[in-house]
Ligand SMILES: Nc1ncnc2c1ncn2[C@@H]1O[C@H](COP(=O)(O)OP(=O)(O)OP(=O)(O)O)[C@@H](O)[C@H]1O
Ligand SMILES: [Mg+2]
């Protein structure tokens, strides 16, 4: 594995050489002696960490050149990690540098053990930030209108949305509860020809049957007891936009007739009214039921079904989306981590296994809720299967002996630590909280090579 790149900037070439030698086992050092060469080296090598002496020529006794180099580096990369080194008795300059964005400072003469420790922490943080940057970038690549999905079946869904959105044709969205039907409806609206139009969503299951007709089509004054004045319905208010009819399977028979006529003629009458009213609202319907069965049993009109299902968009359940589960889980972990001031959380190996094995009856909403809860519950930086309340999923697997379980966790942690520290035993042992000899023993027991 490549060593971590380190840029050492000091006008004293002896110090440069000395540090280079002291750190060469763990890092790949480059050196520079003034601001110009420092910037050139930074641009060329993009070091993970820069050690920067503040007193540089032509004014080696003032911090100005060093501070200018610091801000130039940060302008090139706002997340660059710079550790400032200042002469004795110039601590206030170093503090100024930290105020200007340096990661940390050290005073001369340099204590090499202290430097190593500061470097180690700094590299760890830099790598974490890089991981997040990479995650964010891959998120963007795998995200369509706020929907995360890299699996082939979700990519096909995105492609279909892209195609049908601008046509204005009715769309029927099918999918289990929590698969993102409403998100799809919103995406259809955003990508439609009249982007700015209204989006009105109603759930046919939660509105009482006797009110649903007037909710949808409006009513005239005096149409029924309590109709004190004329009211517009959702089909009218959604004109120029989208009307999202959720749980369409629950639509009562007489409303089905009226909706069918609207889909055929774009015209309707308010309840208790005679006047023909026109609306160009696009109808997007959704259901988590098997609508074809309702048609077969006579509960849902077949002619209406065909009018609604001009385009059918099937949302696969989460368990059929492969690695999207992990992708989504990581995205939620990141977002909720930020929201709950717990950044830097990662999933433990058992959590990743449980996430993949769980059957997700509640789909993405369930995943969201589990991750949000886990973020709140997690102690430390690791989210476990227990934090996700998915230990049952794991215990349903063939039983493992305690020894097997212990060894598999040990193996995972040792390998992770070694990878993070490029095979450096001292650093990995430090992170794992064991002595170097213990780590060597563990590696031998588990059959792990240093560069594995
Ligand atoms: N692909 C996705 N990427 C990110 N978040 C998603 C995705 N799909 C759904 N969600 C989120 O999951 C939750 C459920 O989505 P939504 O409400 O659209 O599902 P639904 O199918 O309408 O559910 P229900 O059948 O229960 O009404 C929402 O919080 C939504 O933001
Ligand atoms: Mg919904």
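All of the numbers you see were taken from the coordinates with simple rules; none came from a lab. Every value quoted in this text rests on a predicted model; they were computed, and no experiment measured them. Cβ placement follows ideal geometry from the backbone for every residue including glycine, while neighbour counts extend to all protein chains displayed.
Listed from fewest to most Cβ neighbours within 10 Å, the set 360, 21 follows the order 21, 360.
Per residue, the convex hull spanned by the Cα atoms of region 134-263 measures out at 132 cubic angstrom. The equivalent ellipsoid that matches the C-alpha gyration tensor of region 313-381 spans semi-axes of 22, 13, 10 angstrom, in descending order. Under the simplified labelling scheme, the residue 224-residue 40 pair shows an inter-label distance of 8.4 nm, with each label point 7 Å from Cα along Cα→Cβ. Counting every other Cβ atom within 10 Å of each residue's Cβ, 231, 270 order from fewest to most as 231, 270. Principal-axis analysis of the Cα atoms of the chain puts helix 402-420 at an angle of about 70° to the longest axis. Listed from fewest to most Cβ neighbours within 10 Å, the set 426, 4 follows the order 426, 4.
The calculated FRET efficiency for residue 133 paired with residue 74, based on their beta-carbon distance and R0 = 22 Å, is about 0.90.
Relative to the longest principal axis of the Cα atoms of the chain, the long axis of helix 363-377 makes an angle of roughly 40 degrees.
Between residue 24 and residue 61, the simple spin-label model (points 7 angstrom out along Cα→Cβ) gives 3.5 nm.
Summary of the geometry: region 410-426 and region 347-374, compared by the centres of their Cα atoms, lie 26 Å apart. When every Cα-Cα distance of region 209-258 is counted in 5 angstrom steps from zero, the calculated P(r) takes the values 5, 19, 26, 25, 16, 9, 0 percent.
If you bin all the Cα-Cα distances of the chain at 20 Å, starting from zero, the percentages per bin are 19, 35, 27, 16, 3. Calculated translational diffusion coefficient of region 246-386 (10 °C, 1.306 mPa s; Stokes-Einstein with Kirkwood radius over alpha-carbon pairs) equals 85 µm²/s. Each residue, residue 278 and residue 416, gets one label point 7 Å from its Cα in the Cβ direction; the gap between the two is 6.4 nm. In plain terms, the chain from residue 448 to residue 425 could stretch by 7.1 nm, reckoned as 0.36 nm per residue minus the Cα-Cα distance.
Using 1/(1 + (r/R0)^6) with R0 = 60 angstrom and r between the beta carbons of residue 125 and residue 292, what's the FRET efficiency to the nearest 0.05? Here the calculated transfer efficiency is 0.60. The angle between the Cα long axis of helix 35-45 and the main principal axis of the chain comes to about 60°, on a 0 to 90 degree scale.
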